[in-house]
Amino acid sequence: MATQPSDSTDFPPEIILKPLALIGLSGLDAVNNAVHKEIWDAFANNRRPDRAAVRFKLLNNTFEFPVVKPKRNSYEWYIPKGILKKNWIQKRISLIPAVVVLFYDMEWNDLQWNEKIIECASKVQSIRAAVEGHATRVAVVVIQGGQSPPPSEYMLGAERAQALCAACEIQSKSLFVLPHGDHLMGYIIRLENAFYDIAQNYYHHETKNIKQHRDHLNKTTHQYLFVRHQFKLGFLNELKQDLSTAHKHYMHAYNNLLETRTVDTNMHEVRTVAGYINYKLCKLLFALNLPRDGIAQLKSHIERYKNRIGSTELLFEHYAWIARQYSAFGELFDEAIRAGLPGIQTQHPGFYYQHAAQFTVKRRQAMRSVCSEAAQYPPPPDPLEGIVEYYGQRAWRPGRLSADPHDPQKEQAAVLALQYNERMFNHSAMIISFLGCAISQFKTFHSPRMRKQLVVEMANEYYYSADYGKALTLLSHMLWDYRREKWWFLASHVLNRALQCAYLSAKIQDYVQLSIEGLSKHIQVPNNDKDRIFRNIMAILDMKLPESEPDVPVHSQNKAVEFWQTAIEKEPVVLNVDMVNISSFLEVKPKFKQQRYRMDEIVEVEIYVRLTYKTVLEAVKAFLTISSASETIEIPITQNGNSLISLESSKVKRFLCQFKPNPHDNGSEIHIKNISFIMGSDKKRKIVMNFKIEDNKMLDSTIHPELLHFILSPKADFEFDCIVPLTVVSVTSRECKLSIDIKNCSPALQGEWFPTTFTITNNEDRPVYDVRFTLSLLSSPDNPNPESVTELSLKEGNTTPPRLQATVIGDNASQEVVREMFDKIFPQNIFVMPKYNK
Amino acid sequence: MTTRSWWRHGESYRMSRLRTKNSPLYIGGIGNDTNTDNELSRQWLVHTALDALEERLASNNSNTTGANTNNTRTDLRDLYLGLLYSTDTHKIYGYVTNTRIKLVLVTSSTSPSGSNIRDAEVRTALRRLHALYADAICNPFHLPGDQITSLKFDKQVKNLMLNNV
């Protein structure tokens, strides 16, 4: 997942982190003592989720606990200065341990037992002194060697443990023995759970303390304290890992906060704290596996605070705050999904990121309307400098509750400073990153079209932040999809934006391609000004600068002109445009005249071209590319013998290409591969429009020629629409024009020479040379071996096998080549099978 | 696809009808707002609704094939898919004919009178739209797959929308 963009509305880390019970480990010398280091590592490292929810902190001797505030006996005169103190959570999660554990090396049968026990007790005492005032629990762990004591010493151990407890003034359940040897990890986990129990006990005790305060409070002056105490209770319960109780208290805190009176001066504080509490609530609801309640909580939260705008001069802060609520929720949702919660298409984190992006857009709008005069940061002293003790309070009036600004001048400077900072803020980057998060979510949850829409929005954002290259890349991909689904209105929107980007970044190739597509009949352009687009294409051909696209930012346009001046002269001189993938103003259908050609026939290809844009294209060169098994050839398309052709709009032009098939292609197929039109063939810069033809693409054509007959008034291009392209043709070998005729008078008698006349006729239009004839006899079941019982001869009575002569057969001449061939026949059935080879 | 929009009252009501290949056959509706920006957002809305619609179709199909391999259940399924999803401002309903022509109806989330549009009303409206569509493509001069340009159809659809709310 992309990381969330940060700004002043970021949640502080202590709010986001999951609270873990804090346990201080003392007496471990992890640097110098190998055994201690091993123990510390076992506690602190490799904290998998299945281990107890605690955090360990190594305490050295100089560790100081926060000073305890004097106990307040009465709240009567106390007026709180704010809702939540910034340092309270910090204290709870890293400064005040629930339990401090003292580790001490000692064997039960130690010789200096008495000294040891005194040292240990004094250490415990010093810890007690350090935590003075806090209710932090103290526990002792005795580290012992691995070997178990002999049974005789069990009693000794028990006795001495009791003595130790007494000396240290701890309960026996707070004393632990850690044998250091095998199974260290197992002992550590048991210890950890024991500490965790003590910690829970401690936090429970703390919550009781806070609950006691409540009796002293009254609603008129202490409304903030109601919130604060409930929040603290919630947090302590979270530390205790009692999530449902924590949720209950946070909910009280949230509701109490709703009841506070809000004015412009405390609005920021109230909503900041509300945001934090809401975050906690939602997080707990996800953790309690109540995602629906979490979603409902967010919805009502936004609903309640939507109209609490605060000072209109700082309207943007309100939208920034809403955006942050959504994005933080999205993040929580996303985490929950990764932890196993199933998301569905209509309810997943993507929507929340999308909302975050939308409200950031609103934030920018608000910035534009209220920050236009904040041109300069106010002079020092910096009004935003200062230490703020409470969440969401302003640096220039910390801890003040009165509704009227105490120092109007300072107030004004501060507002100016905030406005200036807002003006300098990069909203686009933030919107883009929110959209990025949303896009990946929508992709995961089967919403390709929603994703596309967001990608287009992202591209727009790149456009506003003048990153035209990136915008163009995104838009070209999206254009493809909208075109394929034939949502031309949306495609037009995308194309027009892409064209602006291509113009502003002077990407000549993209510019030409988009312009060509812009002339398509499906695409709507602003002001219906297709002539301008056409003129621009022509200008590029003439190496001139194109006219500017409408509605482009002025400062970028001046830069664009500079870009174009350098780009127009440069490569690529020849611009290739793949026309099949785009919808354009030129349509082409090629068609072989026949399904099949013989080798000796001339192949004819008809090419129908329709120009849908109202213009005349002059001096266009066109080529047809044909490929076969052996070669690929390019054939120029001509018009009345002229290789420069012209195309007129709303007329279907037909061109005929002829060529002879290559003799090597006998028995294979010929494909039409490509038809290219070259605009500006007489100029230095050329635009080559390639209609590549892929065999599979032509099959799913949606044209139903048979249905077109029903159209009442045939459209002008009826002829064109009816044509079904034929791009593959097979070539077969030429037909042979020699024929043979066999004459004899059956039946033949055994032992008789049987005269047979073979007449070969040549109907070819040229003579045939080097002809060889082979005569063989067909075997049959009755006569399996006819060669042995048959004699062949050219002359009657001659028993030597005949050698048939090669003879020239003249033009269309019929000549009896083998005359008077006799066969001395012994068996009854004789078959004569003459063969000839060329 | 019809856009029915009563932008004056802050309500929009729109219909769309799409072929299997998801190219729009007809987009229209009621409303006096023909502003390009609004038209754009309306088309986005309908286009993205196809995601939900296709997902619904896919899950319907896998259910039927999983439980029962013959196609009778698919044929007997309800053509009306109900509410596809709702946003803060709009509600989007889907309907798919047996030949996989998709009808999408978009209404604003709240009607001017404050009462919400009832499901049964939407169902009837889409059924009638289906009938109108069938009539329109029965026209022998209509080319299947082309956008529906019939004025009569357009008028009928707009009437349907006006009378239904």
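Order these by the 10 Å Cβ neighbour count, fewest first: A:Thr756, A:Thr632, A:Thr220. Display every interim value, and only then the final one.
Values: A:Thr756 20, A:Thr632 11, A:Thr220 6.
Listing A:Thr756, A:Thr632, A:Thr220 from fewest to most nearby Cβ atoms yields A:Thr220, A:Thr632, A:Thr756.
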- request: Using only the alpha carbons of the stretch A:468-573, determine the length spanned along each of the three principal axes and report them from longest to shortest in whole angstroms.
  value: 37, 27, 27
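Can you give the extra length, in nm with one decimal, that the chain gains between A:His522 and A:His204 once fully stretched, where that is 0.36 nm per residue apart less the Cα-Cα distance? Please report the intermediate quantities before stating the final value.
Numbers: separation 318, 0.36 × 318 = 114.48 nm, distance 7.08 nm.
Extra length from A:His522 to A:His204 when fully extended: 107.4 nm.
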message: For A:Leu726, what residues show an amide H to amide H distance below 5 Å, using hydrogens built from the backbone and excluding near sequence neighbours?
response: A:Lys591, A:Phe592
- request: Kindly state, to the nearest 0.05, the FRET efficiency for A:Arg734 paired with B:Lys152, given R0 = 60 Å and r defined as their beta-carbon distance.
  value: 0.50
Note, ³J(HN,Hα) from phi for the stretch A:525-531, Karplus 6.51, -1.76, 1.60, rounded to Hz, x at Gly and Pro: 10, x, 6, 6, 9, 6, 4
Three-way shape call for chain A based on the alpha-carbon gyration tensor, with the a/c threshold at 1.5: oblate
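What does the charge count near A:Ser440 come to, summing +1 for each Lys or Arg and -1 for each Asp or Glu among other residues with Cβ under 12 Å from its Cβ? Don't skip to the end; give the middle numbers.
Values: positive: A:Lys443, A:Arg451; negative: A:Asp334.
Neighbourhood net charge equals +1.
If you count, for each residue, the other Cβ atoms within 10 Å and average over each peptide, how do A:347-356, A:176-185, A:724-733 line up from highest to lowest? Display every interim value, and only then the final one.
Working: A:347-356: 24.8, A:176-185: 14.0, A:724-733: 16.4.
Answer by packing, highest mean first, reads A:347-356, A:724-733, A:176-185.
Quick one: putting +1 on the C-beta of Lys and Arg, -1 on the C-beta of Asp and Glu, what dipole do you get for the stretch A:217-310 around its Cα centre, in Debye to the nearest 20? Please list the in-between numbers first.
Working: 14 positive and 7 negative charges, 12 e Å.
Roughly 60 debye for the stretch A:217-310.
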field: Neighbourhood net charge (14 Å Cβ-Cβ; Lys/Arg +1, Asp/Glu -1) for A:Glu331
entry: +2
message: Tell me the angle of helix A:243-259 to the major Cα principal axis of chain A, expressed in degrees between 0 and 90 and rounded to the nearest ten.
response: 80 degrees
message: Less than 10 Å Cβ to Cβ from A:Ala413, Lys/Arg counted +1 and Asp/Glu -1: what total charge do the surrounding residues give?
response: -2
field: the stretch A:13-209: relative contact order as a whole-number percent, Cα under 8 Å and 6+ apart
entry: 27 percent
task: Relative to the longest principal axis of the C-alpha atoms of chain A, give the angle of the C-alpha long axis of helix A:184-213, reported between 0 and 90° and rounded to the nearest 10°.
output: 60 degrees
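Please arrange A:Glu335, A:Glu14, A:Glu634 by how many other C-beta atoms lie within 10 Å of their C-beta, fewest to most.
Lowest to highest Cβ neighbour count: A:Glu634, A:Glu335, A:Glu14.
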- prompt: Pairing the Cα long axis of helix A:408-424 with the longest principal axis of chain A, what angle in degrees results, from 0 to 90 and rounded to the nearest 10?
  reply: 30 degrees
field: Dipole of chain A [Lys/Arg +1, Asp/Glu -1 at C-beta], most positive-end residue of A:Tyr104, A:Ala366, A:Gln524
entry: A:Ala366
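Within 10 Å of each Cβ in peptide A:443-452, how many partner chain Cβ atoms are there on average? Round it to a whole number, please. Working shown, then result.
Numbers: counts 0, 0, 2, 6, 6, 4, 11, 7, 2, 4.
Whole-number average of other-chain Cβ neighbours for A:443-452 is 4.
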message: If I take R0 = 45 Å and measure r between the Cβ atoms of A:Ser746 and A:Thr638 in this structure, what FRET efficiency does the formula 1/(1 + (r/R0)^6) give, to the nearest 0.05?
response: 0.15
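Looking only at other chains, what is the average number of their beta-carbon atoms within 10 angstrom of each beta-carbon in B:40-46?
Working: counts 4, 1, 1, 6, 10, 1, 3.
That works out to 4 on average.
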message: Taking the number of other C-beta atoms within 10 Å as the exposure measure, put A:Leu17, A:Leu738 in order starting with the fewest.
response: A:Leu17, A:Leu738
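Taking each pair of distinct Cα atoms in the stretch A:10-105 once, what is the resulting Kirkwood hydrodynamic radius in Å?
On the way: mean 1/r = 0.0623 Å⁻¹.
Final number for the Kirkwood radius of the stretch A:10-105 is 16.1 Å.
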query: Between A:Asp197 and A:Glu601, how many nm apart are label points set 7 Å from Cα along the C-beta direction?
result: 9.7 nm
message: Once you order the gyration tensor axes a ≥ b ≥ c over the Cα atoms, which shape class does the stretch A:224-369 get: rounded for a/c under 1.5, otherwise prolate or oblate by comparing a/b with b/c?
response: oblate
- prompt: Excluding same-chain residues fewer than 8 positions from A:Lys81, which lysines have a Cα within less than 22 Å of its Cα?
  reply: A:Lys69, A:Lys71, A:Lys91, A:Lys211, A:Lys219, A:Lys232, A:Lys410
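Starting from the stretch A:51-121, pick out the GluC sites (Glu not before Pro) whose DSSP state is loop and whose Cβ has at most 13 other Cβ atoms within 10 Å. Walk me through the numbers before you get to the answer.
On the way: sites: A:Glu64, A:Glu76, A:Glu107, A:Glu115, A:Glu119; in loops: A:Glu64, A:Glu76, A:Glu107.
For GluC sites (Glu not before Pro) across the stretch A:51-121 that sit outside H, G, I, E and B with at most 13 neighbouring Cβ atoms in 10 Å, the list reads A:Glu64, A:Glu76.
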query: Which trypsin sites (Lys or Arg not before Pro) from the stretch A:245-278 combine a DSSP loop assignment with at most 16 other Cβ atoms within 10 Å?
result: A:Arg261
task: Show the residues, 5+ positions off or on another chain, whose built amide H is closer than 5 Å to the amide H of A:Lys673.
output: A:Thr625, A:Ile626, A:Ser627
- request: With θ set to phi - 60°, apply the Karplus curve 6.51 cos²θ - 1.76 cosθ + 1.60 along the stretch A:325-336 and write out the HN-Hα couplings as whole Hz, x wherever there is a Gly or Pro.
  value: 4, 5, 5, 5, 5, x, 5, 4, 4, 4, 4, 4
- request: For the stretch A:217-310, just say rounded, prolate or oblate: build the C-alpha gyration tensor, square-root its eigenvalues into a ≥ b ≥ c, call rounded for a/c under 1.5, and beyond that prolate if a/b exceeds b/c, oblate if not.
  value: oblate
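Work out the mean other chain Cβ neighbour count within 10 Å for the residues of A:488-501 and drop it here as an integer. Don't skip to the answer; put the middle values down first.
Numbers: counts 4, 9, 6, 0, 2, 6, 0, 0, 0, 0, 0, 0, 0, 0.
Across A:488-501, the average partner-chain Cβ count within 10 Å equals 2.
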Label-to-label distance, nm, for residues given as A:Thr260 and A:Ala42 (7 Å Cα→Cβ offset): 4.8 nm
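Bear in mind that the values in this text are calculations on the coordinates, not laboratory data. Quantities reported herein were computed from a predicted structural model and do not represent experimental measurements. A quick note on method: Cβ atoms are made from the backbone with ideal geometry, for glycine too, and the neighbour counts reach across all protein chains shown.
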